[in-house]
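This report refers to the structure that appears directly beneath it.
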Number of protein chains: 2
Amino acid sequence: MCEANAYVIKNGQEEIYLESVDILRPEGNQIYLRNIFGEQKVFKGKIKEMSLLNHKIILEEEK
Amino acid sequence: MCEANAYVIKNGQEEIYLESVDILRPEGNQIYLRNIFGEQKVFKGKIKEMSLLNHKIILEEEK
């Protein structure tokens, strides 16, 4: 499966925000995420970087 | 492999922008993309939606 885990950087550490993300949709200053289990979250901030091969999405909180 | 193809919507149609994308990094009004072959592109616009399970990234040109 090709889902990716979404992390937020907090105090220089990567904290898991949502596992097994399928859908990402930026909406203004937020990002709507939905994972393969149907769990949905809205993150206030933006995408910092993604590596699909590493199954990794790094999110950055709104300043 | 879990890379995804990036498409741009033009005249209501999805046109391929870059195949087999690994890295995406939003940078201001642009998005840096790199694929698994090392090809790099900078897209002027934003991410509209991604589905990792469908291996699909939809990009939207700057208005």
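Details
- Number of residues in the range B:1-29 that are outside any strand (DSSP E or B) and among the charged types (D, E, K, R): the value is 1.
- Subset of the range A:1-17 [surrounded by fewer than 16 Cβ atoms within 10 Å (Cβ to Cβ) and either within 21 Å of B:Tyr32 (Cα to Cα) or touching a helix residue (DSSP H, G or I) at 6+ places or on another chain (Cβ under 9 Å) (or both)]: A:Ile9
- Against the conditions (1) of a type in the set (Gly, Ala, Ser); (2) more than 7 Å from every other protein chain (Cβ to nearest Cβ); (3) in contact (Cβ under 8 Å) with a residue 24 or more places away in the chain, B:Ala4 satisfies every one except (2).
- Looking across the range A:38-53 at every residue that is more than 8 Å from every other protein chain (Cβ to nearest Cβ) and closer than 20 Å to B:Lys56 by Cβ, the one that is surrounded by the most Cβ atoms within 10 Å (Cβ to Cβ) is identified as A:Gln40.
- Within the range A:47-57, tally of residues that are assigned to a loop (DSSP other than H, G, I, E, B), touching a residue at least 40 places away in the same chain (Cβ under 8 Å) and of a type in the set (A, V, I, L, M): 1
- Restricting attention to the range B:18-37 and to residues that are exposed (fewer than 14 other Cβ atoms within 10 Å of the Cβ) and under 19 Å from A:Ile58 (Cα atoms), the residue that is farthest from the other protein chains (Cβ to nearest Cβ) turns out to be B:Asn29.
- Residues (more than 16 Å from A:Val21 (Cβ to Cβ) and facing another protein chain (nearest Cβ under 10 Å)) located in the range B:54-63: B:Glu60
- Search result, residues across the range B:30-46 that are in a strand (DSSP E or B) and either among the aromatic types (Phe, Trp, Tyr) or closer than 11 Å to B:Ala4 by Cβ (or both): B:Tyr32, B:Leu33, B:Asn35, B:Phe43
- Scan of the range B:15-44 for residues that are among the small types (Gly, Ala, Ser) and either within 14 Å of A:Met50 (Cα to Cα) or at pLDDT 95 or above (or both), ordered by number: B:Ser20, B:Gly38
- For the range B:34-63, the set of residues classified as in contact with a Lys or Arg (Cβ under 6 Å, 6 or more places away or on another chain), closer than 28 Å to A:Phe37 by Cβ and not acidic (Asp, Glu) consists of B:Ile58 only.
The values are calculated or read from the model by the stated rules, or taken from the named source; none is laboratory data. None of these values were measured; they are calculated from a predicted model. Please note: Cβ atoms are built from the backbone with ideal geometry, for glycine as well, and neighbour counts cover all protein chains shown.
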